[in-house]
Amino acid sequence: MNPADNARARSAILARLREAAPADTGTAPGVAAYYGRLATPERSSIATRFAERARSWRAEVVDCTAHNWAEALARIVAAKGIRHLLAGRTTPLAAGIAALAPATSLHWYDETMETFKPVLFDQIDAGISTTRGGIADTGSLIVWPDADEPRTLSLVPPIHIAVLHAHTLHETLYAAMQAQRWAGQLPTNALLVTGPSKTADIQRLLVYGAHGPKQLVILLLHGEAGA
Amino acid sequence: MSAERPTADPRAFKDNSRLVLADPVLRRNFRGAMDFLTDKRAAQFPDADAFAELRDLGKQIRQHALANLPQLLMQLETRLHENGIHLHWAEDAAAANAIFLDLARRHDAPTMVKGKSMVSEEIGLNHEMAAHGIACIETDMGEYILQLDGDRPSHIIMPAIHKTKEDVAKIFATHIPGAGYTEDVEELIAIGRRALRNEFRTAKIGVSGVNFLVAETGSLVLVENEGNGRLSTTVPDVHIAITGIEKVVATLDHIAPLFTLLTRSATGQAVTTYLNVISGPRRADEKDGPREVHLILLDNGRSQAYREEHFRATLQCIRCGACMNHCPVYARIGGLSYGTTYPGPIGAIISPHLMNLDSTRDLPTASSLCGACGEVCPVGIPIPDLLMRLREAGRHSHPAAQQRQALKGQGAARSIVEVVAWKAWRLLYAHSALYALFAWIAPRLRVLAVAARSGWTRTRAPLRPARRSLREQLATRTPLHSRKALRDRHSPD
């Protein structure tokens with residue numbers, strides 16, 4: 001687009017808005033006060049509430065620990081007949097994943113997506129990723145893709161397996177944003193993922209497995225922070 | 001659905017409505033969908049006080065954003081630039097389409113995959129690109145069905161609610177090679193998924209709308225269930241997002257309450273599958289994501305709504321569609337009748353600014369003013385009040401007392417017959433002698449009353465003066481205490 005046209009449009013739009021903008025710009029909305037007033041449900045542990053919510057969105061939640069999650073993963077891989085598993089090479093999960101039975105061929109996301117497309121789109125059955133936390137209120141995962149775990153790792157394969165530490169759970173999205181200081185350090189793409197992809201576009205009938213993953217498996221790791 | 005379809009022109013509103021009202025299948029589809037969405041939303045807001053509190057917060061956030069709009073847009077521009085996102089400004093649809101065309105040509109892209117975007121509908125992107133040999137492929141399941149069928153969205157959240165699964169089965173069997181005929185909805189979705197996978201994989205450009213822009217972080221926030229939004233903004237080399245200038249909010253934490261208000265009001269879900277926060281193109285060390293991200297900010301009449309204090313509230317909208325789900329008029333005539341991109345109550349109050357009050361003059365009258373739309377609005381837009389103000393602006397050539405300037409098409413619905421009728425009414429009611437004369441003449445000329453008056457008499461009996469005026473009747477009225485005497489007098493003995 002012609003830079004001159006763009007500059008003209010910009011100044012015309014801003015001039016119209018400035019001319020009409022109210023002198024009183026109002027007070028900042030009380031977001032913190034609102035969330036401060038929300039009572040935390042105490043009927044059960046945060047991990048239990050998260051799992052309940054996540055399951056209501058048809059996520060499979062597998063309770064495990066820092067010591068046995070790799071075995072739980074092996075069982076899932078066998079049960080679902082996953083033959084090609086995709087993962088990031090330098091994540092804390094890598095060693096555990098690498099120990100999987102040789103019947104599963106393991107792919108590390110090492111190349112750029114452009115050259116990796118044939119494998120990514122046609123071969124991979126499941127992608128396994130870390131998570132940055134979860135939200136108990138809605139059963140959502142916080143997924144921040146990066147150089148090691150690209151965006152498409154949790155998007156293109158039909159199954160997404162996510163590893164979540166119970167100690168990284170937060171009550172609400174707001175609480176997670178505050179505690180993890182999102183505003184100062186957002187990655188190029190940050191996601192909340194709640195259940196597998198779905199649609200109700202045909203006659204309001206809910207179908208799981210639209211364009212994103214058809215299945216979401218959450219390995220919920222209980223135990224101490226850093227264990 | 002009948003062979004004849006409602007026209008994509010708000011001037012055809014009345015004809016369109018009659019067409020839909022006469023179609024029992026369409027009416028059943030809409031009624032069913034609206035009841036479903038209304039019930040689901042109600043289940044999400046069981047406590048009226050809790051809803052009111054959250055809505056007040058949402059309203060404060062949107063009002064705060066609009067009060068600071070020029071500053072927030074400047075801040076957004078700075079942050080986007082730091083994040084490596086290209087910002088384009090477009091005053092109208094033609095300018096926005098020119099930007100798309102320029103980018104498509106520069107990247108030599110024969111196709112674009114599209115996530116759901118109402119603003120792209122507003123500018124007629126698919127049609128404009130097709131005219132230049134560029135195919136825009138809708139990837140939202142509902143939009144994809146409509147595109148295959150050459151139809152239009154009838155709802156901003158559930159675009160294909162007017163179709164049955166049998167309709168979709170026929171559309172897929174006809175237009176997707178090798179699809180075959182099935183009415184199994186899981187199978188139909190699987191067919192759609194397969195058909196679109198390769199498009200995601202090969203398209204050079206992905207197009208999306210935006211639900212919220214964050215000035216503080218320079219982020220584009222997208223809300224969706226299907227994953228087509230993520231694919232469109234992740235796999236192609238170039239991502240072009242388009243949205244209105246009003247979509248910006250000040251800080252990232254404002255997204256939390258707006259997100260929950262949006263999903264619960266729209267589809268009655270506590271959350272959608274994906275909240276996708278995009279704050280930049282692929283970095284040098286990253287392996288995927290678009291290499292270029294462009295954002296087009298569209299005005300297209302929004303600054304007219306912004307100019308007037310009352311109409312500014314229109315721009316608080318977060319496009320959840322709750323007002324249409326709860327509108328008794330929308331539930332009967334459906335979204336296609338409005339002939340505009342945005343149907344229902346929100347369409348009736350935003351379209352006059354995006355288009356003009358001339359072609360959209362009938363839309364603000366498409367309401368019984370029952371107030372349901374205003375009650376369910378998650379950001380507290382006084383929709384019934386704005387409908388009244390637009391009705392008034394349509395009928396008066398001069399701007400109202402508090403209005404800065406005339407709206408585009410102000411006074412378009414003004415009718416000389418109506419003006420004369422009201423003038424005559426005022427004259428009669430202000431002069432007692434004239435009134436008495438009129439009241440004496442009218443009953444005596446009652447035989448001359450026209451029997452058929454278009455509009456009124458289509459569904460009602462014609463109006464005709466009484467045999468005796470109210471005055472005459474009162475003059476001969478028997479006092480209450482002598483009712484018995486009256487009865488005696490009339491008894492047939």
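Key figures for this structure:
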quantity	calculated
Stretchable slack from B:Ala94 to B:Val25, in nm (0.36 nm times residue separation minus alpha-carbon distance)	21.1 nm
Centroid-to-centroid separation of region B:389-445 and region A:1-68 [C-alpha atoms, Å]	48 Å
More than 23 angstrom apart: percent of Cα pairs within region B:216-328	40 percent
Length released on extending from B:Lys14 to B:Ala131, taking residue separation times 0.36 nm less the Cα-Cα span	39.1 nm
Between 0 and 90°, nearest 10: helix A:113-122 axis offset from chain A longest Cα axis	50 degrees
Sum of side-chain charges, B:Ala439 neighbourhood, beta-carbon under 9 Å (Lys, Arg +1; Asp, Glu -1)	0
Considering only the protein assembly as shown, percent of DSSP beta bridges that pair antiparallel, nearest 5	30 percent
Per-selection metrics, chain A (Cα): Rg and Dmax in Å	21.4, 69
Order of B:Thr182, A:Thr112, B:Thr341 under a 10 Å beta carbon neighbour criterion, fewest first	A:Thr112, B:Thr182, B:Thr341
Charge dipole of region B:269-332 about the Cα centre (unit charges at C-beta), most positive-ward option of B:Val271, B:Met324, B:Phe311	B:Met324
Within a Gaussian network of chain A (alpha carbon springs, distance under 10 Å), most fluctuating of A:Glu60, A:Glu149, A:Glu71	A:Glu71
Distance between region B:309-373 and region B:22-80 - C-alpha centres, whole angstrom	14 Å
Pair B:Thr365, B:Ser454: separation of 7 Å Cα→Cβ label points (nm)	1.2 nm
Partner chain coverage, peptide B:189-197 - average Cβ within 10 angstrom	4
Beta bridge orientation in region B:45-303: antiparallel %, DSSP, nearest 5	25 percent
Largest-first principal axis extents, alpha carbons of region A:181-227, Å	45, 29, 14
Cα radius of gyration and Dmax for the protein assembly as shown (Å)	29.5, 111
Chain B: DSSP helices with Cα axial extent of at least 24 Å and average Kyte-Doolittle hydropathy no lower than -0.5	B:48-67, B:185-202
For region A:1-89, size of Cβ-based charge dipole, Lys and Arg +1, Asp and Glu -1, in debye	280 debye
Ranked A:Asp137, B:Asp151, criterion: other C-beta atoms within 10 Å, fewest first	B:Asp151, A:Asp137
Distance in nm between pseudo-label sites at A:Glu114 and A:Arg43 (7 Å out along the Cβ direction from Cα)	5.3 nm
P(r) of region B:45-303 over all Cα-Cα pairs, binned every 10 Å from zero, in whole percent	7, 29, 35, 22, 7, 0
Positive-pole candidate from B:Pro46, B:Ala372, B:Leu231, dipole of chain B, charges at beta carbon	B:Ala372
Within a Gaussian network of chain A (alpha carbon springs, distance under 10 Å), most fluctuating of A:Val31, A:Val143, A:Val62	A:Val31
Size of charge dipole - region A:60-152 - debye, nearest 20, with Cβ of Lys, Arg +1 and Asp, Glu -1, no other charges	160 debye
Chain A: angle of helix A:3-20 to the longest principal axis, Cα-based, in degrees nearest 10	70 degrees
Lys, Arg +1 and Asp, Glu -1 on Cβ, resulting dipole of region B:45-303 about Cα centre, debye, nearest 20	440 debye
Residue of A:Asp122, A:Asp63, A:Asp110 that the Gaussian network model of chain A assigns the largest fluctuation, springs spanning Cα pairs under 10 Å	A:Asp122
Cα centroid separation, region A:124-155 to region B:205-274 (Å)	18 Å
Proxy reagent accessibility, fewest Cβ within 10 Å first, across B:Tyr429, B:Tyr330, A:Tyr109	B:Tyr429, A:Tyr109, B:Tyr330
Radius of gyration and maximum dimension Dmax of chain B, Cα, Å	27.3, 107
Stretchable slack from B:Arg5 to B:Ala442, in nm (0.36 nm times residue separation minus alpha-carbon distance)	152.8 nm
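All of the numbers you see were taken from the coordinates with simple rules; none came from a lab. All values reported here derive from a predicted model rather than from experimental measurement. So basically every Cβ, Gly included, is an ideal-geometry build from the backbone, and we count neighbours across all protein chains shown.
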